[in-house]
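What follows is a short report on a single structure.
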Amino acid sequence: MELTIGSVSERAERQPGDRAPAPGDLGLVQALVNSFYDLDNHGGDLFETPESLSNWLLKWDLIEAGVHLGPGDVRRAVDVREGLRALLFVNNGSEADHGAIARLNQALRGAGAWVQFEPGEEPDFRTRRAGLDGAIALVAAIVAVAQLEGRWLRLKACPGDHCGWAFYDTSRNMASNWCSMSVCGSRAKAREYRRRKRRGEQ
C-alpha cells in the first residue's frame with residue numbers, strides 16, 4: 001500500500017496557549033516534531049521505545065500493523081525529529097544547528113518517494129507504507145513542498161527555556177515568537193525585566 005501527501009488526514013492536535021494546529025499536511029510534521037513531549041500524559045517522549053514509536057506511526061496511519069521496529073529505527077526517527085526542529089528554530093530567527101541538520105539528512109538517505117502525475121491535478125508524492133522509510137520519506141516530501149510553496153516559514157520552534165515546541169504562526173506578518181505568550185513569552189519578559197533591573201542597580 002502507498003502513502004501520499006494527499007492522503008494525510010488533518011488532526012486537531014492539542015496546542016499550548018490555545019493556538020490552532022498547523023493546517024493540512026503540515027500538521028503531521030508539527031506532530032512529529034512535538035512527539036518529544038506528550039501533553040496528554042504529563043510528559044514523556046513518544047519515541048522513547050520501538051513500541052511507542054510504532055504506536056505513534058500507527059496512529060497517523062504511516063505503517064501497517066505488525067511492522068517490526070528496532071532501536072535503530074528509534075534513533076533514526078529522533079534524528080529526523082530533531083533535525084526538523086533545528087530547521088524550525090531557524091524559521092524563528094535562531095542560528096542553525098548544522099550537526100542536527102546533518103543527522104537529519106543522513107537519516108533521510110534511502111527513504112524513497114516518487115512523484116505521480118494526473119491530468120488536471122497537482123502532482124503528488126508517494127511512498128510505500130512499509131516501515132520507517134516510507135513514513136520519513138512522506139514527511140520529507142511534505143516539508144519540501146511546503147518550502148517551495150512558502151508555507152514552511154510559518155512553522156516555528158519556540159525558543160523558550162526547555163521548550164522547542166513546534167507552533168504554526170498565523171499572524172499576518174509572521175511575527176509570533178512563542179508557542180504561548182502566556183507561558184514562554186511571559187517567562188522571557190520576566191527574565192528580561194529582572195536582567196534590566198539588575199543592570200540598573202549596578
**Study point:** the chain: relative contact order as a whole-number percent, Cα under 8 Å and 6+ apart
**Key:** 24 percent
Study note, to complete from the structure: Per the rule of 0.36 nm per residue minus the C-alpha distance, extending residue 49 to residue 109 adds in nm 19.4 nm
Check your understanding: Taking the Cβ-Cβ separation of residue 90 and residue 161 as r and a Förster radius of 25 Å, what is the calculated FRET efficiency to the nearest 0.05?
Key -> 0.85
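Okay, helix-only estimate at 222 nm for the chain: each DSSP H run of n ≥ 4 adds -39500 (n - 2.57), divide by all residues, round to 500 deg cm²/dmol; what do you get?
Details: 6 runs with 85 residues, N = 202.
Value at 222 nm, helices only: -13500 deg cm²/dmol.
Direction-averaged shadow area of the convex hull around the Cα atoms of the range 1-74, nm²?
Mean orientational projected area (the range 1-74, Cα hull): 5.4 nm².
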Practice item. Mind checking which of 114, 147, 130 is farthest towards the positive end of the chain's charge dipole, using Cβ charges of +1 (Lys, Arg) and -1 (Asp, Glu) about the Cα centre? Key: 147
Exercise for review: For residue 13 paired with residue 175, estimate the spin-label separation in nm (one decimal), with each label point 7 Å from Cα along the Cα-to-Cβ line.
Suggested key: 2.8 nm
Exercise for review: Quick one: what are the phi-derived ³J(HN,Hα) couplings along the range 107-116, Karplus 6.51/-1.76/1.60 with θ = phi - 60°, whole Hz, x for glycine and proline?
Suggested key: 5, 7, 5, x, 8, x, 9, 9, 9, 10
**Study point:** Debye equation applied to the C-alpha atoms of the range 2-201, log10 I(q)/I(0) at 0.08, 0.13, 0.15 Å⁻¹
**Key:** -0.29, -0.72, -0.94
Review point. Near the amide H of residue 129, under 5 Å away, which other amide H atoms are found, from residues 5 or more places off or on another chain, if H is placed in the peptide plane?
Key: 2, 3
Exercise for review: Would you mind working out the magnitude of the charge dipole of the range 2-201 relative to its Cα centre, with +1 at each Lys and Arg C-beta and -1 at each Asp and Glu C-beta, to the nearest 20 Debye?
Suggested key: 1320 debye
Review point. If exposed GluC sites (Glu not before Pro) are those in a DSSP loop with at most 16 other Cβ within 10 Å, what is the longest stretch of the chain that has none?
Key: 122-202
Practice item. Would you work out which of 63, 98, 7 lies farthest towards the positive end of the dipole of the range 1-139, given +1 charges on the beta-carbon of Lys and Arg and -1 on that of Asp and Glu, about the Cα centre? Key: 98
Review point. Taking amide hydrogens as modeled 1.01 Å from N in the peptide plane, which residues meet the under 5 Å criterion relative to residue 155, leaving out close sequence neighbours?
Key: 169
Point to revise | Distance (nanometres) between label positions extended 7 Å along Cα→Cβ at residue 65 and residue 98 | key: 4.8 nm
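We did not get these values from a lab; they are worked out from the coordinates using the rules stated. Note that the structure is a prediction, hence the values are computed from the model and not measured. We place every Cβ from the backbone using ideal geometry, glycine too, and count neighbours over all the protein chains shown.
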